[in-house]
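Heads up: the structure comes next, in structure tokens.
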Amino acid sequence: MPQQSIIDSLKGKLDFYYWKGIVCVRSWPHWPDREPTPAEAANQQTFKYLNQLYHTLPEDIKQAYITQAAGTSLTGKDLFVSLYYRGRPT
């Protein structure tokens with residue numbers, strides 16, 4: 001691996017990692033800026049609202065989401081947002 005100062009100076013541009021004991025480097029993906037479609041923009045606003053709303057929930061409600069998400073790859077907030085978009089799981 002290069003020195004930590006070199007890795008730090010390239011943060012966000014290059015990603016250094018090990019793969020099967022081999023030092024590898026890859027460039028971070030770059031997506032050109034573009035305007036979101038109206039549907040994407042509406043979804044982004046909804047997603048932003050839900051993420052802000054989660055923090056205003058009472059602690060016992062947030063704890064219930066955290067408890068339900070335990071043992072999964074989701075956080076309590078992930079579950080909250082997912083349930084809004086997908087509805088109650090069956």
Q) Rolling a 1.4 angstrom probe over the protein heavy atoms, how many square angstrom per residue are accessible across the chain? A) 85 Å²
Q. Where the only charges are on Cβ atoms (+1 Lys, Arg; -1 Asp, Glu), what is the dipole of the chain about its Cα centre, to the nearest 20 debye?
A. 220 debye
Q. Using a 1.4 Å probe on the protein chains only, how many percent of the accessible area of the chain belongs to carbon and sulfur?
A. 58 percent
Q) Taking the simple approach of a point 7 Å from Cα along Cα-to-Cβ for both Y84 and Q44, what is their distance in nm? A) 1.6 nm
(Q) If R₀ is 22 angstrom, what is the calculated FRET efficiency for the pair E59 and K11, using the beta carbon separation as r and rounding to 0.05? (A) 0.05
Q: Please give the peptides 52-58, 77-83, 27-33 ranked by average Cβ packing (other Cβ atoms within 10 Å per residue), highest first, as a rough proxy for protection.
A: 77-83, 52-58, 27-33
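The values are calculated or read from the model by the stated rules, or taken from the named source; none is laboratory data. Keep in mind that this is a model prediction, so the values were computed, not measured. Positions of Cβ are generated from backbone atoms using ideal geometry, with glycine treated the same way; all protein chains shown enter the neighbour counts. With ligands, DNA and RNA removed, areas are computed over all heavy atoms of the protein, side chains included. Shrake-Rupley method; radii C 1.70, N 1.55, O 1.52, S 1.80 Å.
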